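See below for the structure under consideration.
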Amino acid sequence: MKTKDELIDDLLNLAFAEDVGDGDHTTLSTIPSDAIGKQKLLIKEEGIIAGVDIAKKVLNKVDPELKIEVFIEDGSRVKPGDIAFIVEGRVQSLLVAERTMLNIMQRMSGIATTTRRYQDELEGLHTKVLDTRKTTPGMRMLEKEAVAIGGGINHRIGLFDMILIKDNHIDFAGGIPQAVNAAKQYCAEHGKDLKIEVEARSLDDIKTILDLGGVHRIMFDNFTPELTREAVKLVGGKCQTESSGGITFDNLRAYAEAGVDYISVGALTHSVKGLDMSFKAM
């Protein structure tokens, strides 16, 4: 299995392959190869910046001799007019790196900004906001990193690092007991130390899951805040609890006040607006 760094390197290779192709002919035809210049990362919208560390990787991949001076680190609040960093080096390299770097940073900063807004809404409560697998193909590692930078918690990274038994698994397996017992047996036979989470669609489902034991977390699927309060009381701290489905910013705090440990929000990654910024010559 590939490491996070290897996956990010693959993403950057693909990004440059689709953007640069056999060369940035506009830059090659208009800018001398020995021209040296500076560009600044200019913030144009309030939010949380994310992707500064990745920007360094992008720049280094294009030209290891580019020099970057960072003024604002990942996770910081930014406002229009702020300069996050300045890069100096070959102008051709700066122009080749510009769009790929901005695409990544705008996306990550938008996710971090949205995540911080959701988590701030839960101030004073123990509930944490979780991300989901509803990510842009190929960008999951960066998008989940942006969630963490924004103050959220990463759920499972993929299908490999946790067992999450959802409604389709339950229905195809023949029921909750069959699915949970099969998962436990699979882990034992394959030497896998994986946490098991199970989706519940009713209070009766919760009772069944609790009777089975060995479950790390129960996900309340499309419960109302009122039903969630009953569910949390029923669980009684025997395992972790999570709300999922039908969660919006407007009802987020109501679910948290019902006492759940986590609330998963697909909107953190699947429908985020990028934070406005530009990479301008100095």
With -39,500 (n - 2.57) per DSSP H segment of 4 or more residues and division by the full residue count of the chain, the 222 nm estimate, nearest 500 deg cm²/dmol, is -14000 deg cm²/dmol
Stretched fully, the stretch from Glu45 through Ser202 gains (0.36 nm per residue minus C-alpha distance, one decimal, in nm) 52.2 nm
So, with points 7 Å from each Cα along the Cβ direction, the Asp53-Ala35 label distance in nm works out to 3.4 nm
The computed P(r) of the chain puts the percent of Cα pairs beyond 32 Å at 37 percent
Taking a crude spin-label model, label points 7 Å out from Cα along the C-beta direction, the His126 to Phe172 distance in nm is 3.6 nm
In debye to the nearest 20, the charge dipole size for the chain, taken about the Cα centre with +1 at each Lys and Arg Cβ and -1 at each Asp and Glu Cβ, equals 240 debye
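Please work out how much length the chain gains when fully extended from Lys192 to Leu159, using 0.36 nm per residue of separation minus the C-alpha to C-alpha distance, in nm with one decimal. Could the numbers behind the result be given before it?
Details: separation 33, 0.36 × 33 = 11.88 nm, distance 1.32 nm.
Residue separation times 0.36 nm, minus the Cα-Cα distance, leaves 10.6 nm.
Restricting the count to DSSP beta bridges whose residues both fall in the chain, what percent are antiparallel, rounded to a multiple of 5?
Values: 17 of 35 bridges.
Here the antiparallel bridges make up roughly 50 percent for the chain.
With every protein chain present, what is the per residue accessible area of the chain (1.4 Å probe, Å²)?
Numbers: 13970 Å² over 282 residues.
Per residue, the chain has an accessible area of 50 Å².
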Note: Glu18 to Leu234 extended length (0.36 nm per residue) minus current alpha-carbon separation gives 72.5 nm
Rounded to the nearest Å, the spacing of the alpha-carbon centers of region 110-182 and region 33-67 is 30 Å
A 1.4 Å probe over the protein heavy atoms gives region 38-116 a carbon and sulfur accessible-area percentage of 45 percent
Protection proxy (average C-beta count within 10 Å per residue), highest first, orders 94-103, 209-218 as 94-103, 209-218
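Could you please report the charge total around Leu227, scoring K, R as +1 and D, E as -1 over all other residues with beta-carbon less than 13 angstrom from its beta-carbon?
Within the 13 Å Cβ shell, the charges total -2.
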Neighbours of Ile149 by Cβ distance under 13 Å: Lys/Arg at +1, Asp/Glu at -1, summed charge -2
For region 161-263, the accessible surface attributable to carbon and sulfur atoms (probe 1.4 angstrom, ligands and nucleic acids excluded) amounts in percent to 48 percent
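The values are calculated or read from the model by the stated rules, or taken from the named source; none is laboratory data. In this text, all values refer to a predicted model and were calculated from it rather than measured experimentally. Neighbour counts are summed over all protein chains in view; Cβ atoms, including those assigned to glycine, are modelled from backbone coordinates with ideal geometry. The accessibility values were calculated without ligands, DNA or RNA, using every heavy atom of the protein model including side chains. Shrake-Rupley method; radii C 1.70, N 1.55, O 1.52, S 1.80 Å.
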